[in-house]
Amino acid sequence: MKIIVGGGIAGLWLALEYQARGVPCIVLEQGALGQGQTLASQGMIHGGTKYALDGVLSQAATVIGAMPNRWLDALAGRGMVDLRGVRVHRTTQLLWSTDSLKSQLVGFFASKAMASRLQRIQPDEEPGFGDAGFQGLLYRLNEPVIDVSSCLSVMAAQLTGCLFQAKVHALRWQGQRVIGVDTEHGYIEGDTVILTAGEGTEALLAKTPAQGIRMQRRPLAMVAVRLGQPTAPIFGHYIGFGSKPKLTVSTHSTETSQTLYLGGQLAEDGLDCSDAEQCQRALEALRQGLGWRSLAIEALSVIRIARAEPATGQGHRPETAGVFHRDGLVVAWPTKLALAPALADAVLAAASGDDRPDSKPTWPTPAIGRYPWQ
Ligand SMILES: Cc1cc2nc3c(=O)[nH]c(=O)nc-3n(C[C@H](O)[C@H](O)[C@H](O)COP(=O)(O)OP(=O)(O)OC[C@H]3O[C@@H](n4cnc5c(N)ncnc54)[C@H](O)[C@@H]3O)c2cc1C
C-alpha cells in the first residue's frame, strides 16, 4: 500500500491516479484537505504564458505548457483522473496592459512567443472592460481557472475510504529503507511513503537519514479585498512593464459577498511591509491595473503564506515539479497547482507497483478546508 502524507492537490491527484490503476493507497492529512497552499492558491491552471512576458519561452513555460490540456481532459472526464463536476470559473484567463508604451511592448512580445495560446480581443468582448474607459490591450489565454474548493470536493468524493485525518509525526526506517509512518493514531506500514506535505515535509525530513533532499519557502503577502457591491468577475494578470504580472486577480463570490484576491508582483514585493502598508500598496495596484472600474471596497486583509518547493540553491522559482526517490520514500512538491499531474506522472514512474495486501486503518475522515479569506 502507498502511504501519501498530505491532502493538498498533489496528494489527492496522485491518490486518484493510483486508484485508477488499482494500486491501494491512503492519504493522511493532519487537518482539513487543501488547508495548506492549495486553498490559498488562485486556482489558475497556468500554461506558462506568465513566464514568457519578456518574450522568451523559458524552460518553465515549455514544461508547464502541457498542463492546461491535461486539466481540461480531467475536467471533461477524459483520462485517468475524472474531475467532472468541478466548478470552472473561466476556461480562459485575461492578460491586460494599460496604455503605456512599455506595457504595450510587453503584451506584443508575449503574444509573439505564445501565439497559439494567446488571443488578442477587443475590450467590449469582456464584461467590465469595454463599458467604462479601459484604454489598454487585452488578451485571452487558453488557461482555465478552477474553483479549488469544488475540486477538492470532487476528488474527496472519489477517494472514500482512502482519506484519513492523521498527523504524521515521523517516518519509520529499517536500515536505509522507509517502512511506514508514526501518526497521532498509531503506526501504519506501507511499501512506499510519499511525502506531499508541502511545508510539513521539511519537519518530516529533518528527523530522517534522507540526506540531500531540501525544500525552500518563497513567501507571499496576498491581499483579499472584500467588496460591498459585486463587480464583473476578473481572473487574470495586469502587466506593467516588467517580466512578471504586476497584479494577478481572482474573484470569489458567495451569496453574500465578493472578494478580489490579489497576488502577482504585489504579493512578492510586499513581504517586508506591515499589513497597513501592504493594503495601501494593494489600493495603488488596483488604481493602476483596474483604475477604470469603480470598486466598492469594504475591507482589505493581508494573507501571508509561503510556497513550499524543492530547493533551487539560490531560492529561484523551480522550473517544474520536484520529485525525489529513495528506498521506500518519495518526496514531492508540485511547485504549482497546475503541475499536480506532472508530479503524479513522476511519482508513478518512481513508485507504481505494489504486491502487499491492502491494510487500511479505521481513522477519522478529514473535512474539506476553507478558503483563507472566508
Ligand atoms: C498564495 C498562493 C497562490 C497560488 N496560486 C497558484 C495558482 O493560481 N496556480 C498554480 O498553479 N499554483 C498556485 N500556487 C501554488 C500552489 O498552490 C501549490 O504549488 C500547491 O497547492 C501545492 O500543493 P501541495 O499539495 O503540494 O501542498 P499543500 O496544499 O500545502 O498541501 C500539503 C498538505 O499536507 C498537510 N501536512 C503537512 N504536514 C503534515 C503531516 N506531518 N502529517 C499529515 N499531513 C501534513 C498539510 O496540512 C496540507 O494540507 C499558489 C500558491 C500560493 C501560496
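The values are calculated or read from the model by the stated rules, or taken from the named source; none is laboratory data. Everything numeric in this text was worked out from a predicted model, so none of it was measured. Don't worry about glycine lacking a Cβ; one is built from the backbone with ideal geometry, like all the others, and counts go over all protein chains shown.
Brief remarks on what is shown
- Residue in region 292-306 that is over 30 Å from Ala157 (Cβ atoms) and assigned to a helix (DSSP H, G or I) present: no
- A single member of Gly190, Gly240, Gly200, Gly186 is under 29 Å from Leu260 (Cβ atoms) and in contact (Cβ under 8 Å) with a residue 24 or more places away in the chain, and it is Gly240.
- Residue in region 81-88 that is more than 8 Å from the ligand (Cβ to nearest atom), modelled with pLDDT of 85 or more, charged (D, E, K, R) and under 25 Å from Leu247 (Cβ atoms) present: yes
- Figure legend. Inter-residue proximity from region 302-320: first residues among the charged types (D, E, K, R), second residues near the ligand (Cβ under 7 Å from one of its atoms), beta-carbon distance below 7 Å, spacing 6+ or different chains. Indicated pairs: Arg307/Gln37; Arg307/Leu220; Glu309/Trp333; Glu309/Thr335.
- Pairs with Cβ under 7 Å, 6+ apart, first in region 130-153 and modelled with pLDDT of 90 or more, second hydrophobic (A, V, I, L, M, F, W, C) and assigned to a helix (DSSP H, G or I): Pro144/Trp71; Pro144/Leu72; Val148/Leu39; Ser149/Leu39; Leu152/Leu12
- Test: Pro341 is within 10 Å of the ligand (Cβ to nearest atom) and either under 17 Å from Leu33 (Cβ atoms) or in a helix (DSSP H, G or I) (or both): no
- Enumeration of residues in region 219-244 that are at pLDDT below 95, within 16 Å of the ligand (Cβ to nearest atom) and part of a loop (DSSP other than H, G, I, E, B): Lys244
- Residues (at pLDDT 85 or above and either away from the ligand (no atom under 16 Å from the Cβ) or out of contact with any strand residue (DSSP E or B) (no Cβ under 6 Å at 6 or more places or on another chain) (or both)) located in region 43-63: Ile45, His46, Gly47
- Among residues of region 313-359, those that are modelled with pLDDT under 90 and out of contact with any strand residue (DSSP E or B) (no Cβ under 6 Å at 6 or more places or on another chain), counted: 15
- Taking every residue in region 20-40 that is more than 21 Å from Lys336 (Cβ to Cβ) and pairing it with any residue that is small (Gly, Ala, Ser) and part of a helix (DSSP H, G or I), at least 6 positions away or on another chain, the pairs with Cβ-Cβ distances below 9 Å are Cys25/Ala15; Ile26/Ala15; Leu28/Gly11; Gln30/Gly200.
- If you go through region 168-216 and keep only what is within 11 Å of the ligand (Cβ to nearest atom) and charged (D, E, K, R), you end up with Asp182, Glu184, Glu199, Glu202, Lys207.
- Residue tally, condition of a type in the set (D, E, K, R), more than 18 Å from the chain's Cα centre (by Cα) and surrounded by 21 or more Cβ atoms within 10 Å (Cβ to Cβ), over region 294-331: 0
- Residue match in region 352-363 (condition: within 11 Å of the ligand (Cβ to nearest atom) and aromatic (Phe, Trp, Tyr)): no
- Residue in region 263-285 that is surrounded by 16 or more Cβ atoms within 10 Å (Cβ to Cβ), touching a strand residue (DSSP E or B) at 6+ places or on another chain (Cβ under 6 Å) and in a strand (DSSP E or B) present: yes
- Options Gly369, Gly328, Gly291, Gly315; residue that is more than 11 Å from the ligand (Cβ to nearest atom), not charged (D, E, K, R) and not assigned by TED's automatic domain parsing to the domain that holds Ala20: Gly291
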